[in-house]
Amino acid sequence: MAKVVYAVGDDISTDVIYPGRFMATVLPTETPQFAFADDAVFNNQLKNRQIPPGSVIAAGKNFGCGSSREQAVSTLKGHELIIVARSVARIFMQNAVNLGLRLIVVPDLEASLGDEIECEEDRVVNRTSGRNFATERLPSARQAIVDAGGLIPYTRKRLVERSASPR
Amino acid sequence: MGMTVVEKILARATGQRSVKAGDVLEPRVDLAMSHENAALVINQFLEIYKGTGLEPKVWDASRVAIIFDHRVPAESSKTATNQKKVREFVARHMISKFHDIRGDRGGICHQILPESGYVRPGHVVVGTDSHTTSHGALGAFAFGIGATEMASVWTLGFAVNVEVPATIKVNVTGDFLPMVGPKDLILHLIGTLSAQGANFRVIEFHGPTIARMSTSGRLVICNMSVEAGATSGIVPADAETVHYLREEAGVRDLIDVVLPDADAAYERTVSIDVSQLPPQIACPHTVDNVKPIDQVAGKKIQQVVIGSCTNGRLDDIAAAAAMVRGKSVASGTRMLVFPASGRIYQRALDQGYIADLVRAGAVVMNPGCGPCLGVHEGALGDGEVALSTTNRNFKGRMGNPTAEVFLCSPAVAAASAVAGEITDPRKGA
């Protein structure tokens, strides 16, 4: 069971998730401090560790649109947040898969701040409203990277295989 | 069934006779571009090699491009140190397509790549920047990726697990009204499709209006295709593409053009007649919140920005200069102009455009991303309103979440700078 600690609408851009003025900070160990930096209340809750790992951000359509900045993913991953969204912009989805940020696409999602959510294999149950919603499976192209534990271990494996048997 | 232009490019890049939307492929990469975020790519690249006992090696140094543009010259010691690390990596790995902070060959990556002849029709181009879609203007399949994915490309030389995207065909007809052009077309299209209407899809542009459009204009429409969510925008290469590559980019070798089949399978077709299209404005805080100019005319503005990878080219600066020549930027309004590259800056100097702009009160800044993404210069004050030829108006985009950003063409921006409020350039500022 996880709590919805932040609920947002459609088209939340990476400029909102990780404002451009912090882009000089790149390392995943340093980006978490700037998550949703322009929302002082939520940013402070995150920085003061008032948000338990595994908490949920419930979002509308096109979450993570805009800039390809990977900091927008590493900043959320650093707080071990789970993103449950009606849809996700392509580059953000790819970055989330590559870095291992947990992302669940639920096209008909209805969830509000404070709701208790259960994320199961192929559905999301909103315990507060009593309703459940089907999740959209990740395309198989991305599942292989998730299964490998992210793109770095996936590519490392491919690299080692290649150097063992030169083409 | 035939193939779309992107399907054809991906078939070639994987050595297959045919591919179709939904197929999962590993296309070889012709060009891999990064900017300052190469600092993070380098970090992830070295991470991949950790524990393998192998010497980190970029798969093909001649296919890697690194262009400093986001924060030039450095706004902080942190950025300066990142840039220094990237320079050291560039030297060690002998990356030749490197554009440092220079007045002659520096500039914004999405201008440097085309004008340097680095992108060709049929290429697969990846960039750690969402506006990599720009390079579809030259008939390439170009899309944005994250830094870790770029580190993977640097290692393997291909993009792993790429799904062939479905394609939306956009057919454009009609002649633009005076003072209306490619920026108005793409804003109108984004408003029509919505900010997510082309997510995971390619927009392929066709029609007589596109055939007559310069490469500069095609770069505008492909650049902003990502604002409808598109993986890429693309204009299949034609005589104009070859002309641009020969005359502007100095390409001497064979140019191999890839075209879509006549019976290609498109997900849908959108038709636009631009002959009555008025200037378009994207209103805060999403790019698809697009209105015809008469609905927002009269809005007071404190800052006008002309430049960026969208509209910082010579024709854009010429349009702005013509609009302000002999006039003066309104009191209470700041006008900032930043050319897209050193080459464009020099030509704008030679043509007298820079003098026109400066005499009118504009501040001309060095080529680069400038105020577009709020990291460097030209930040907005609390509650201020900006009118900008850039590509995004998200909350906080220009450095202040309480400010508002409206997007428009260079002609609208310049006419409005003189008036101090959003103004239709056709009404004579």
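The values are calculated or read from the model by the stated rules, or taken from the named source; none is laboratory data. On a predicted model such as this, the values are computed, not experimentally measured, just so you know. Every residue, glycine as well, gets a Cβ built from its backbone with ideal geometry; the counts of neighbours run over all protein chains shown.
Points worth noting:
- The set of residues in the range B:1-38 being surrounded by fewer than 19 Cβ atoms within 10 Å (Cβ to Cβ), farther than 18 Å from B:Thr231 by Cβ and touching a residue at least 12 places away in the same chain (Cβ under 8 Å) consists of B:Met1, B:Gly2, B:Ser18.
- Of the candidates A:Glu110, A:Glu70, the single residue that is of a type in the set (Asp, Glu), buried (at least 24 other Cβ atoms within 10 Å of the Cβ) and either within 12 Å of chain B (Cβ to nearest Cβ) or out of contact with any Leu (no Cβ under 7 Å at 6 or more places or on another chain) (or both) is A:Glu70.
- Among the residues of the range B:74-110, the ones that are within 13 Å of chain A (Cβ to nearest Cβ) and part of a loop (DSSP other than H, G, I, E, B) come to 3 in all.
- Among helices (runs of 4 or more DSSP H) entirely within the range B:210-312, having at least 2 residues that are touching a Leu at 6+ places or on another chain (Cβ under 9 Å), in the same structural domain as B:Leu336 (by TED's automatic domain parsing) and touching a residue at least 60 places away in the same chain (Cβ under 8 Å) singles out B:308-311.
- Unique residue being over 25 Å from B:Arg71 (Cα atoms) and either in contact with a helix residue (DSSP H, G or I) (Cβ under 6 Å, 6 or more places away or on another chain) or not assigned by TED's automatic domain parsing to the domain that holds B:Arg12 (or both) when the list is B:Val124, B:Val86, B:Val162, B:Val119: B:Val124
- Top-ranked residue of the range B:397-414 - restricted to ones that are touching a strand residue (DSSP E or B) at 6+ places or on another chain (Cβ under 8 Å) and within 10 Å of chain A (Cβ to nearest Cβ), ranked as farthest from A:Ile12 (Cα to Cα): B:Met398
Rundown of residues vs (1) buried (at least 24 other Cβ atoms within 10 Å of the Cβ); (2) within 14 Å of chain A (Cβ to nearest Cβ), yes/no style:
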site: B:Ser194; (1), (2): no, yes
site: B:Asn199; (1), (2): no, yes
site: B:Ala211; (1), (2): no, no
site: B:Val220; (1), (2): yes, no
site: B:Ala228; (1), (2): yes, yes
site: B:Thr231; (1), (2): yes, yes
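- For the range B:17-40, a residue qualifies if it is within 9 Å of another protein chain (Cβ to nearest Cβ), more than 18 Å from the chain's Cα centre (by Cα) and under 24 Å from B:His99 (Cα atoms), and the qualifying residues are B:Ala39, B:Leu40.
- The test for being surrounded by 18 or more Cβ atoms within 10 Å (Cβ to Cβ) and more than 12 Å from chain B (Cβ to nearest Cβ) does not hold for A:Ala7.
- Residue check, B:Ser331 of a type in the set (S, T, N, Q) and crowded, with 24+ Cβ neighbours inside 10 Å: no
- Taken across the range B:326-348, residues that are of a type outside the set (Val, Ile, Thr), in contact with a Phe, Trp or Tyr (Cβ under 6 Å, 6 or more places away or on another chain) and either closer than 29 Å to A:Pro19 by Cβ or outside the structural domain of B:Asp104 (by TED's automatic domain parsing) (or both) do occur, with at least one present.
- In the range A:73-100, of all residues being surrounded by fewer than 24 Cβ atoms within 10 Å (Cβ to Cβ) and within 18 Å of A:Ile152 (Cα to Cα), the one that is farthest from the other protein chains (Cβ to nearest Cβ) corresponds to A:Gly78.
- B:Glu247 modelled with pLDDT of 95 or more and loosely packed, with under 15 Cβ neighbours inside 10 Å: yes
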